[in-house]
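No lab work stands behind these numbers, since they all come straight from the coordinates. Keep in mind the model is a prediction, meaning the values are calculated, not measured. Methodologically, a virtual Cβ is constructed for each residue, glycine included, from the backbone with ideal geometry; neighbour enumeration extends over all protein chains shown.
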Amino acid sequence: MKKHNFSAGPSILSDFAVNNTIDAIRDFAGTGVSLLSISHRSKEFQAVIDEAGALVKELLSVPEGYSVLWLGGGASMQFAMIPYNFLRSRAGYLDTGTWAHNAIKEARLFGDVDVLASSESAGYTFYPHGYAVPEGLDYLHITTNNTIYGTELREDPDAPCPLIADMSSDIFSRPVDVARYDAIYAGAQKNLAPAGVTLVIVKEEALGRVDRAIPTMLDYRTHVKKGSMFNTPPVLPIFTALQTLRYYKEIGGIHQLQSRAELKAARLYEAIDSSAMFEGTARMEDRSLMNVTFVMAPPFKELEKDFIDFCSQRGIMGIKGHRSVGGFRASLYNALPMESVDFLVEAMHDFESKHK
Ligand SMILES: *Cc1c(COP(=O)(O)O)cnc(C)c1O
């Protein structure tokens, strides 16, 4: 049975990326040796990491003066590395979900943190707007897409300080004005590659301004200077990331990815809004294009588990909501085809007819 994979992360990758990775595990770049067993300092792998960095810059129109880094430790490691390297005295954070909350907790180890707005008391069902950003912050940290709650900020905010963003779950789904950011980071396992690598785009000039000593591996300057090769980088996920980036370029780049994301999300939200059985959980104007969160309307609440079983019998996987929220979450990352969204919508209709 064909599977339709709505998993929130690690999540679906394109066939192009998966198949090319399988081939390279057998024989990498005509070397006769597996990608898994070759030196990261070989000229063949150097070409991979160079091209991957160049494609990130091309797809996101990254201006001069920024480095693209490939680091271990996941996005969660960035929660500490960011303040370690950028927090001198005071930073602003938006508390928009569990991941943002975790980032705030880490930043507090390094200096004063102003939580400028929070949607926690509303169960993180909206993205705050209209908050004031005081002068003199070292940076404002935002989480552009709240993977668990299905809210998203699809624009780069205006602030009187540099921005830093966790874009783990919506990078490469819209154009970004990188010049507004001192750093952007994204764990790869949502829209890019298998788990194990984190993409970081960092403004070189913004580094080296803190007084504290930074351990070598946690200092972005180490990785800028060594081209992410200070130590052994996550070779396999970087290779897959390159395949994904080539695929993104091939299909038409960031604007194409954006319009596909808009179409897929519109299709599913339309199905939710026109149904009497399902309802969305996030405030309409803040709805995520990447993670669509919804529940059964109150009269149908007891059917939630049945719907998940109904879906899995049809090959629809990964739509159970995060354990902290419940209900359903359909993640529509870039590699998910429209056909899968249509398939889910059809299942929703069929289930609703069956229970009316
Ligand atoms: C998944 C996710 C994380 C956590 O990523 P790890 O790589 O597991 O540390 C952080 N932020 C956001 C927005 C996420 O979606």
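The range 99-168 and the range 208-277 have Cα centres lying 19 Å from one another. Our estimate of slack between D114 and K226, defined as 0.36 nm per intervening residue step minus the Cα-Cα distance, is 36.9 nm. The alpha-carbon of K320 sits under 14 angstrom from the alpha-carbons of these aspartates and glutamates, leaving out residues fewer than 8 places away in its chain: E304, D306, D309.
Taking 0.36 nm per residue of separation and subtracting the current Cα-Cα distance, fully stretching the chain between E64 and I251 would add 64.8 nm. Here the residues H4, H129, H141, H40, ranked from fewest to most Cβ neighbours within 10 Å of their Cβ, fall in the order H129, H40, H4, H141.
Electrostatic bookkeeping for L289 treats Lys and Arg as +1 and Asp and Glu as -1; over the other residues with beta carbon under 14 Å from its beta carbon, the sum is +1.
Short-range pairs are left out: with C-alpha atoms under 8 Å and at least six residues apart, the relative contact order of the chain is 24 percent. Does anything in the range 131-161 have its amide N under 17 Å from the 7 Å Cα→Cβ label point of E285, and if so which residues? Within reach of a label on E285, which here means backbone N under 17 Å from a point 7 Å along Cα→Cβ, the range 131-161 contributes 131-132, 151-158.
Treating r as the C-beta distance of S89 and A297 and R0 as 41 Å, the FRET efficiency rounds to 0.25.
Distance cut-off 24 Å, Cα to Cα: go down the list K190/K264; K43/K225; K43/K203; K264/K356 and report the pairs above it. Over 24 Å apart, Cα to Cα: K43/K203; K264/K356.
The residues neighbouring A186, those whose beta-carbon lies less than 12 Å from its own, together hold a net charge of -1 under the Lys/Arg +1, Asp/Glu -1 convention. Full extension of the chain between A276 and A47 gives 77.1 nm of extra length, using 0.36 nm per residue less the Cα-Cα distance. For a straight C-alpha distance cut-off of 12 angstrom, the aspartates and glutamates reachable from K105 (same-chain residues fewer than eight places away being disregarded) are D95, D114.
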